[in-house]
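Chemist: Please read through the structure below; I'll follow up with questions.
The values are calculated or read from the model by the stated rules, or taken from the named source; none is laboratory data. Since this is a predicted model, take the numbers as computed values, not measurements. Here the Cβ positions follow ideal geometry from the backbone for every residue, glycine too, while neighbour counts run over all protein chains shown.
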Protein chains: 2
Amino acid sequence: VEGVHWDPQEARPEQIGAKAVNRNLSDMAAMGLEPRWLLVSAAIPAGTSESVLHEIVLSMQAAAGRFNASLVGGDTSRSPGPLVLDVAVIGPLGSCQPVTRSGAKPGDRILVTGEFGGSALGKHLDFTPRVREGVFLNQHYRPSAMIDVSDGLERDLCRILDASQVGAILEGSCIPVAEAATRLAQRTGKDAIEHALRDGEDFELLFTLSPERARSLLAAADRFFSVTDVGEIGADRARLLRWEGREIPLQGEGFDHQF
Amino acid sequence: VEGVHWDPQEARPEQIGAKAVNRNLSDMAAMGLEPRWLLVSAAIPAGTSESVLHEIVLSMQAAAGRFNASLVGGDTSRSPGPLVLDVAVIGPLGSCQPVTRSGAKPGDRILVTGEFGGSALGKHLDFTPRVREGVFLNQHYRPSAMIDVSDGLERDLCRILDASQVGAILEGSCIPVAEAATRLAQRTGKDAIEHALRDGEDFELLFTLSPERARSLLAAADRFFSVTDVGEIGADRARLLRWEGREIPLQGEGFDHQF
């Protein structure tokens with residue numbers, strides 16, 4: 001949605017198209033499934049140039065094609081308001097079952113791909129959805145729960161905890177903080193860790209694995225992609241962030257998409 | 001799209017939800033296929049009441065359930081502009097092939113379900129998509145081409161003619177004119193036939209059949225639903241409306257959805 005997911009002053013057409021597709025591919029990645037077909041609908045304001053629309057569609061096709069998925073249908077309408085793009089992604093289960101948010105067990109390790117925070121400085125328009133990683137994890141490690149971090153690490157972890165009816169201790173010092181989070185912190189006066197925990201649109205995977213599988217993954221995977229152990233699912237329902245010797249309650253509070 | 005497909009002053013929430021689903025079911029009907037699964041996305045303005053959203057969702061579920069289809073997923077976002085609802089419909093082919101717009105042959109009869117014109121007076125918010133008729137036609141009569149009339153009979157016929165690379169003669173006196181078209185004509189000063197030809201959102205089926213199959217259908221079907229023969233696909237590319245002794249060129253010109 002123009003003005004919600006991108007700033008029309010900032011984003012180029014090819015970034016708009018890529019983001020619309022990639023954030024939905026990221027949802028498939030979070031279930032560990034291959035995207036195959038995309039349906040794209042657009043509500044288009046009067047006066048939108050054909051060349052802009054053409055660039056958006058080309059970038060959507062390119063983003064889908066990167067994972068062997070294709071645009072196969074959709075719809076268009078005019079919009080009396082902002083440009084709105086909606087993408088539905090369909091994929092075959094094959095031999096896989098989707099990973100849900102609800103299977104995290106006490107004792108499971110909490111792991112993440114990539115780095116967190118400061119996405120608003122640019123990554124939110126230019127990221128690689130973790131489709132390959134999600135499918136790899138599903139096929140070889142079968143996470144007990146998984147989600148893509150679109151609304152902030154802390155909030156999306158709470159979604160897994162809610163769905164799985166468990167607690168967690170998150171180790172603040174283990175969270176991979178993006179360089180952009182540090183840069184943004186210099187502007188905002190916050191700690192970089194706050195941006196890593198609460199900024200949205202990282203589009204990384206957050207998942208849980210038994211300690212044995214987590215060890216095996218950490219030993220095997222780091223040649224291929226970045227995985228970090230950031231905490232543990234708890235036996236009780238407490239939700240705590242361990243940070244500089246203190247234990248701070250986790251907040252499920254929201255991230256509001258705006259650029 | 002609020003302000004395009006419905007007037008927020010006129011439409012009740014349950015009409016908005018039903019229309020969003022039914023116009024998409026009508027697209028499936030046009031291919032002669034059963035809808036099975038619906039993905040619904042909503043961009044929602046701040047201040048939209050939860051009870052309004054609840055009624056919209058309930059009416060979507062009811063509209064889908066009428067044809068044994070279900071809402072199985074989707075997405076939500078906030079909207080800085082109008083309420084936008086997007087529906088993607090998925091269905092299994094089963095033993096059927098989709099009917100396209102491109103198979104009309106010279107000599108084929110042109111047929112329609114239902115009546116045309118004046119939909120803006122109410123039908124556009126409260127109609128039954130011709131899913132049963134479309135699937136019945138596909139299974140038993142295999143139309144050479146089919147479309148649902150959303151942008152006006154004349155314009156949507158031209159779409160079949162474009163796709164099939166043929167011409168047509170439409171018999172104006174045979175076109176079933178809705179009572180609402182006559183009522184609307186009294187207000188607009190136009191002929192009711194103009195409304196029947198050019199108003200949008202009739203959501204009836206327009207299809208072509210060989211003369212033998214058309215005869216067989218007309219003899220068999222009229223106990224179950226309204227079917228009317230309105231013209232013939234031509235051997236040359238001429239596109240004419242026969243009306244009061246004259247032959248008038250058909251216009252592919254557009255209908256602009258606004259309520």
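Chemist: Could you please let me know if B:ARG78 is among the basic types (Lys, Arg) and either part of a helix (DSSP H, G or I) or over 30 Å from B:ILE175 (Cβ atoms) (or both)?
Modeler: When the stated conditions are applied, B:ARG78 passes them.
Chemist: Moving to a separate point now. Can you find, within the stretch B:112-126, the residue that is farthest from the other protein chains (Cβ to nearest Cβ) among those that are part of a loop (DSSP other than H, G, I, E, B) and buried (at least 20 other Cβ atoms within 10 Å of the Cβ)?
Modeler: That would be B:GLU115.
Listed here are the residues, each with its yes/no results for (1) at pLDDT 95 or above; (2) at negative phi; (3) crowded, with 18+ Cβ neighbours inside 10 Å.
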| site | (1), (2), (3) |
| --- | --- |
| A:PRO143 | yes, yes, yes |
| A:ILE147 | yes, yes, yes |
| A:ASP151 | no, yes, yes |
| A:GLU154 | yes, yes, yes |
| A:ALA168 | yes, yes, yes |
| A:CYS174 | yes, yes, no |
| A:GLU179 | yes, yes, no |
| A:ARG187 | yes, yes, no |
| A:HIS195 | yes, yes, yes |
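Chemist: Continuing with the same structure: Taking the criterion of being without any contact (Cβ under 8 Å) to a residue 60 or more places away in the chain and touching a helix residue (DSSP H, G or I) at 6+ places or on another chain (Cβ under 6 Å), would at least one residue in the stretch A:42-53 satisfy it?
Modeler: Among the residues of the stretch A:42-53, at least one is without any contact (Cβ under 8 Å) to a residue 60 or more places away in the chain and touching a helix residue (DSSP H, G or I) at 6+ places or on another chain (Cβ under 6 Å), which makes the answer yes.
Residues are listed down the side, and each one gets a yes or a no for (1) assigned to a loop (DSSP other than H, G, I, E, B); (2) touching a Pro at 6+ places or on another chain (Cβ under 7 Å); (3) surrounded by fewer than 18 Cβ atoms within 10 Å (Cβ to Cβ):
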residue: B:HIS54; (1), (2), (3): no, no, yes
residue: B:ALA62; (1), (2), (3): no, no, yes
residue: B:PRO82; (1), (2), (3): yes, yes, no
residue: B:GLY94; (1), (2), (3): yes, no, yes
residue: B:SER102; (1), (2), (3): yes, no, yes
residue: B:ILE110; (1), (2), (3): no, no, no
residue: B:ARG132; (1), (2), (3): no, no, yes
residue: B:LEU137; (1), (2), (3): no, yes, no
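Chemist: Does A:SER95 satisfy the condition of being farther than 27 Å from A:GLY234 by Cα and of a type in the set (S, T, N, Q)?
Modeler: yes
Chemist: Condition test on B:VAL72, is it in a strand (DSSP E or B), surrounded by fewer than 23 Cβ atoms within 10 Å (Cβ to Cβ) and β-branched (Val, Ile, Thr)?
Modeler: Spelling it out, B:VAL72 is indeed in a strand (DSSP E or B), surrounded by fewer than 23 Cβ atoms within 10 Å (Cβ to Cβ) and β-branched (Val, Ile, Thr).
Chemist: State yes or no: is A:THR128 among the β-branched types (Val, Ile, Thr) and over 28 Å from A:ILE193 (Cβ atoms)?
Modeler: Spelling it out, it is not the case that A:THR128 is among the β-branched types (Val, Ile, Thr) and over 28 Å from A:ILE193 (Cβ atoms).
Chemist: Does the stretch B:83-90 include one or more residues that are away from chain A (no Cβ under 11 Å), modelled with pLDDT of 95 or more and touching a helix residue (DSSP H, G or I) at 6+ places or on another chain (Cβ under 8 Å)?
Modeler: Scanning the stretch B:83-90, I find no residue that is away from chain A (no Cβ under 11 Å), modelled with pLDDT of 95 or more and touching a helix residue (DSSP H, G or I) at 6+ places or on another chain (Cβ under 8 Å), so the answer is no.
Chemist: Which of the numbered conditions does B:ARG78 fail, given that it passes all the others? Conditions: (1) of a type in the set (Lys, Arg); (2) crowded, with 20+ Cβ neighbours inside 10 Å; (3) within 14 Å of chain A (Cβ to nearest Cβ).
Modeler: Every condition holds for B:ARG78 apart from (2).
Chemist: Could you check the stretch A:204-215 and list, in sequence order, the residues that are surrounded by 19 or more Cβ atoms within 10 Å (Cβ to Cβ), touching a strand residue (DSSP E or B) at 6+ places or on another chain (Cβ under 6 Å) and not acidic (Asp, Glu)?
Modeler: Residues satisfying the conditions are A:LEU205, A:LEU206, A:PHE207, A:THR208, A:LEU209, A:ALA214.
Chemist: Report, by residue number, each residue of the stretch B:16-69 that is among the aromatic types (Phe, Trp, Tyr) and on the phi > 0 side of the Ramachandran plot.
Modeler: Listed by number, the list is empty, since nothing qualifies.
Chemist: While we're here: So if I check each of B:ALA42, B:ALA46, which one is within 13 Å of B:LEU83 (Cβ to Cβ), within 12 Å of chain A (Cβ to nearest Cβ) and touching a Ser or Thr at 6+ places or on another chain (Cβ under 7 Å)?
Modeler: After ruling out the rest, the residue left standing is B:ALA42.
Chemist: Answer yes or no as to whether B:ALA43 is buried (at least 22 other Cβ atoms within 10 Å of the Cβ) and closer than 26 Å to B:ARG132 by Cα.
Modeler: no
Chemist: Identify all residues within the stretch B:4-40 that are over 17 Å from B:ALA62 (Cα atoms), buried (at least 18 other Cβ atoms within 10 Å of the Cβ) and not hydrophobic (A, V, I, L, M, F, W, C); write none if there are none.
Modeler: Listed by number, the residues that qualify are B:HIS5, B:ASP27, B:GLY32.
Chemist: Please determine, by comparing only the residues of the stretch B:142-167 that are in contact with a strand residue (DSSP E or B) (Cβ under 6 Å, 6 or more places away or on another chain) and in a loop (DSSP other than H, G, I, E, B), which one is nearest to B:ILE193 (Cα to Cα).
Modeler: B:VAL149
Chemist: Give the residues of the stretch B:1-33 that are small (Gly, Ala, Ser), more than 13 Å from every other protein chain (Cβ to nearest Cβ) and within 20 Å of B:VAL52 (Cβ to Cβ), sorted by residue number.
Modeler: Once the filter is applied, which keeps residues that are small (Gly, Ala, Ser), more than 13 Å from every other protein chain (Cβ to nearest Cβ) and within 20 Å of B:VAL52 (Cβ to Cβ), the stretch B:1-33 yields B:ALA11, B:GLY17, B:ALA18.
Chemist: Check off (1) within 14 Å of chain A (Cβ to nearest Cβ); (2) under 20 Å from the mean Cα position of the chain (by Cα) for B:LEU71 and give me the number that stays unchecked.
Modeler: (2)
Chemist: Something else about it: Could you grab me the full set of residues in the stretch B:1-16 that are among the hydrophobic types (A, V, I, L, M, F, W, C) and assigned to a loop (DSSP other than H, G, I, E, B)?
Modeler: B:VAL1, B:VAL4, B:ALA11
Chemist: Condition first: more than 19 Å from the chain's Cα centre (by Cα) and crowded, with 20+ Cβ neighbours inside 10 Å. Now tell me which residues in the stretch A:216-231 satisfy that.
Modeler: A:LEU217, the sole residue that qualifies.
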